[in-house]
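> Below: one structure in C-alpha cells.
The values are calculated or read from the model by the stated rules, or taken from the named source; none is laboratory data. All values derive from a computational prediction rather than experimental measurement. Positions of Cβ are generated from backbone atoms using ideal geometry, with glycine treated the same way; all protein chains shown enter the neighbour counts. Just so you know, the surface numbers come from the protein's heavy atoms only, side chains and all, with ligands and any DNA or RNA stripped out. Shrake-Rupley method; radii C 1.70, N 1.55, O 1.52, S 1.80 Å.
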Amino acid sequence: MKTSNKHSLQAYLFLTPALVLLVLFSFWPVGFGSFLAFTDFSLVKETHWVGLDNFRYIFDNEMFLTGMKNSVLFLLIVPFIQIGAITLAVLVNNQLHGIRFFRAAYYVPVVTTVSVVGIMWGFMFHEHGTLNYILLKIHAVNAPVGWLSDDAIAIFAIMFVTLWRGLGWYMVMYLAGLQSIPAEMQEAAILDGANRWQRFWKITVPMLYPTIMVCTIMSVLAALKAYQEVDVLTQGGPMNSTFTALYYAYDQGLKHLKLPRGLAASLVVSLFCIAIAMLCLRYLKPKHR
C-alpha cells in the first residue's frame, strides 16, 4: 500500500508543472472570462453585474448572426478535407521513389505561418493576381474575378485557403492510421481474391474508423472556430460578408474594446462547439456488436 501511495505521489509531482500551467493559462482565463461576460467590465470604470445584457446585445446584432451563419457555412469544407486527406494518405502510403518529398510537400502548408499564407494567397486572389491571370489566359473567365472583394464569393475563397492549410495535418493522422493496419489482413484478403477497391472498403475504412471519427470532430471544431484566415485576408470584409462568430468576438473585444461583448460571443461559440462535438461523438461513435 505504501509503495502504491508513493508511486501516486510521484505521478502527481510530475503532473504538477503541467497542471499549474493549465490552471493559470486555460482554466482560470476561461472561468474568469465567462464571469466577465455577465458584467460591464471596463478598464476605466467600476464593474457591475448586468446579467444577460451582453448576450441580448450580440443576438440582436446582425454582424454576430452573420458570423454564426458563416461559421456554420464553414462546415461545408469538413467532408472535402476528410476525403482529400484520406486520398492523400493512401497515395503517400505507397513505398515509391521520392515519396518522402511528397509527404513533406503536402505538410508544408501546416507549418507555414498564417501571415505568410495570407500574403501568398492575397497575391493569388488579387484581381490582377496569379489565379485571375491563369483563368484569363485559358479563357475560363471574361473579366478578373474579385475573389476577396466580391461579398458573394469571398467567404468561399477563405474556405478554400482553410481547406488547403488543413489537408496536410489530417493526411499525417490518416497516414499513421493506415500504417497501423496489420499487413496480414491485406494479404489474407488478396489471397481470398479481393480487389483493391474491396480491400479499401472492407478492411481499410473499418480499421480507420476511429481515426476518421477523431479527425472529423477536430475539423468540425476547427471550422466553427475559423478566425486566422479571415483576419489576414479580409478582416471581415467586404461588407462584413466574411465575419465569423470568433472573428466577431475578436472585433468586439480587442478592436472596439467591448470586452464583455466579445467574451459573451466567445462563450456562445464555445457552448455551440461543445454541443456539436457531443453530437458528433454520439452519432459517429462506432457501434460494437
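> Roughly how many debye, to the nearest 20, is the charge dipole of segment 1-95 about its Cα centre, given +1 on each Lys and Arg Cβ, -1 on each Asp and Glu Cβ, and no other charges?
So the magnitude is around 560 debye.
> Go through (i) 124; (ii) 143; (iii) 237 and flag the label whose value is the computed volume of the Cα convex hull per residue in Å³ for this structure.
Matching entry in (i) 124; (ii) 143; (iii) 237: (iii).
> Could I ask something else about it? Once the piece of chain linking Ala275 and Asn61 is laid out straight, how much longer is it, given 0.36 nm per residue of separation minus the C-alpha distance between them?
Residue separation times 0.36 nm, minus the Cα-Cα distance, leaves 74.8 nm.
> Next question. Can you list residues whose amide H is under 5 Å from Thr39's amide H, if they're 5+ apart or on another chain and H is modeled 1.01 Å from N?
The answer is Val50.
> Using a probe radius of 1.4 Å on heavy atoms only, what accessible surface per residue do you get for the chain? Whole Å² is fine. Intermediate values should be presented prior to the final figure.
Working: 18190 Å² over 289 residues.
The answer is 63 Å² per residue.
> With only Lys, Arg, Asp and Glu charged, each at its Cβ (+1 for the first two, -1 for the last two), find how big the charge dipole of the chain is about the Cα centre; round to the nearest 20 debye.
Using only the charged Cβ atoms, the result is roughly 1000 debye.
> Is the C-alpha gyration tensor of segment 135-275 telling us rounded, prolate or oblate? Criteria: a/c under 1.5 is rounded; beyond that, a/b larger than b/c is prolate, otherwise oblate.
Verdict is oblate for segment 135-275.
> If I require 30 Å or longer along the helix axis, counting alpha carbons, and a Kyte-Doolittle average no lower than -0.5, what helices from the chain are left? Use full DSSP H segments.
Membrane-span-like by this criterion, though nothing is claimed about a membrane: 154-179, 259-284.
> Rounded if a/c is under 1.5, else prolate if a/b beats b/c, else oblate: with a ≥ b ≥ c from the C-alpha gyration tensor eigenvalues square-rooted, which is segment 218-260?
Oblate shape, in that a/c is at least 1.5 and b/c is the bigger or equal ratio.
> Can I ask one more? Treat every Asp and Glu Cβ in segment 124-247 as -1 and every Lys and Arg Cβ as +1, leave all other atoms uncharged, and give the resulting dipole magnitude about the Cα centre to the nearest 20 debye.
Charge dipole of segment 124-247: 200 debye, to the nearest 20.
> Would you mind telling me which residue in Met68, Met218, Met159 has the biggest mean-square fluctuation in a Gaussian network model of the chain, where springs connect alpha carbons within a distance under 10 angstrom?
Met218
> Local charge sum around Thr39 (other residues, Cβ-Cβ under 13 Å, Lys/Arg +1, Asp/Glu -1)?
Working: positive: Lys45, Lys258, Arg261; negative: Asp40, Glu46, Asp53.
Residues near Thr39 contribute 0 overall.
> Right, something else. Looking at the square roots a ≥ b ≥ c of the eigenvalues of the Cα gyration tensor of segment 1-103, which shape do they give, rounded for a/c under 1.5, prolate if a/b is larger than b/c, or oblate?
oblate
> At 7 Å along the Cα-to-beta-carbon direction for both Met120 and Ala105, put a label point, then send me their distance in nm to one decimal.
The two pseudo-label positions are separated by 1.3 nm.
> Where the accessible area of the chain is counted over protein heavy atoms with a 1.4 Å probe, how much of it, in %, is carbon and sulfur?
Numbers: 12510 of 18190 Å².
Exposed carbon and sulfur together represent 69 percent of the surface.
> Next question, about the same structure. Could you derive backbone 3J(HN,Hα) for segment 237-246 from the dihedral phi with the Karplus parameters 6.51, -1.76 and 1.60 (θ = phi - 60°), listing whole Hz in sequence and x where the residue is Gly or Pro?
x, x, 6, 6, 6, 10, 4, 10, 4, 6
> Compare the peptides 225-233, 82-90 by average per-residue count of other Cβ atoms within 10 angstrom and give them in order, highest first.
Peptide ranking by packing, descending: 225-233, 82-90.
> Also: What ³J(HN,Hα) values, in whole Hz, does the Karplus curve 6.51 cos²θ - 1.76 cosθ + 1.60 give for segment 139-148 when θ = phi - 60°, with x put for Gly and Pro?
6, 7, 9, 9, 8, x, 8, x, 4, 10
> Now for a separate question. How are the Cα pair distances of segment 160-225 distributed, in percent, across 10 Å bins from 0?
Percent of Cα pairs in each bin: 19, 41, 26, 12, 2.
> Answer with one residue from Val230, Phe243, Ile274: the one whose Cα lies farthest towards the positive end of the charge dipole of segment 195-289, charges on Cβ with Lys, Arg +1 and Asp, Glu -1.
Farthest towards the positive end: Ile274.
> Most fluctuating residue of Leu267, Leu21, Leu131 in a GNM of the chain with Cα springs under 10 Å: which is it?
Highest fluctuation among the options: Leu21.
> Also: Measuring from label point to label point, each 7 Å out along Cα→Cβ, what is the Leu22 to Ala176 span in nm?
Going by the 7 Å Cα→Cβ label model, 1.9 nm.
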